[in-house]
Each structure stands twice: as C-alpha cells, then as structure tokens.
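Only one structure is covered here, and it is reproduced in the block below.
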Amino acid sequence: MFKVFTTFITILLSFLTEEVLSSPNINQTPPHLLRRTSEHKEARLDCFHGDNSYPYMLWYQQQDTSEQKTMELIGYLHYENPTMEKKFEPRFTLTGHSKANATLVISNISLSDSAVYYCAASVHSGAHSDPP
C-alpha cells in the first residue's frame, strides 16, 4: 500500500438566501471546484442573483474540523463596494456588483482553504444592528 502526497483544495458551493418565501434565485458557478495547489494559484467562484431588491451579496466559508463545523463571514459587496473581514484579507477578494455578477477570488490557495463556500443575497449586511 502506498500514499499519494498530492495536495488538493476542494471547494464546494452552495447558496443562502435571507427569506425563503420571497428569495431571489441565486446561481453559483462552478458548483464543485477541485484544485491541485501545485498547479493552480487561485480559485474563482462566481455568484449571480439579478434581483434589485437585494443590494448586498455576502460570502461565507464553512469548514468542517474534527471538532465542529464553523461558518464565517468572508465579506460582502454593497453594490460595487467590498467589505472584507480582517482574517480573510488580503488573499480573499470580492469583485463585481451585488445586484448582478459577483466573484470571490482566493489567491495563493492552500489546503487550509478547503471548505464549502456560500453566497447569499440580503437586503442588509447584518454587520451593524440598529439600537433598540
């Protein structure tokens, strides 16, 4: 028996919407992405919803560790303006438009980037809450 020591990054895509009953149709491409880190230096994940009622596009990373699953906000687009969480800067970038096509780019990919990535459309960022 032998072991293969090739490093791959696995990225699975899914989608989240804020309201189930009136949510926009979100399309993410590619649905599955497998990259050999020795051959690819970046991963590009696209998201589209096209509903003008949702001015925010959010991206999340869900990792499955041996202890638990974690989901973290990577960042969001408000129209063409990206806001990134510090942990994901500078290797993760958001481009495009929140009401149309948006792209998450992961540079210098590594095995630690293996995760499920979610794209979500929202009427607000969720980053700030209104005082009572």
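The values are calculated or read from the model by the stated rules, or taken from the named source; none is laboratory data. Computed from a prediction, not measured in an experiment: that's the story for all the values here. Neighbour counts run over all protein chains shown; Cβ positions are idealised from the backbone, glycine included.
Take the conditions in contact (Cβ under 8 Å) with a residue 12 or more places away in the chain and in a helix (DSSP H, G or I) and apply them to K87. Does it pass? It is true that K87 is in contact (Cβ under 8 Å) with a residue 12 or more places away in the chain and in a helix (DSSP H, G or I). For segment 95-120, a tally of residues being out of contact with any helix residue (DSSP H, G or I) (no Cβ under 8 Å at 6 or more places or on another chain), within 17 Å of Q62 (Cα to Cα) and in a strand (DSSP E or B) returns 8. Checked against (1) over 11 Å from the mean Cα position of the chain (by Cα); (2) polar (S, T, N, Q); (3) modelled with pLDDT under 80; (4) part of a strand (DSSP E or B), Q28 passes all but a single condition, namely (1). From the list S107, S38, S122, the lone residue that is at pLDDT 80 or above and loosely packed, with under 15 Cβ neighbours inside 10 Å is S107. Within segment 41-92, restricting attention to residues that are among the aliphatic types (A, V, I, L, M) and within 15 Å of S114 (Cβ to Cβ), the residue that is surrounded by the fewest Cβ atoms within 10 Å (Cβ to Cβ) is M71.
Each residue in segment 42-52 was checked for being modelled with pLDDT under 85 and either farther than 19 Å from I74 by Cα or not in a loop (DSSP other than H, G, I, E, B) (or both), and 3 of them qualify.
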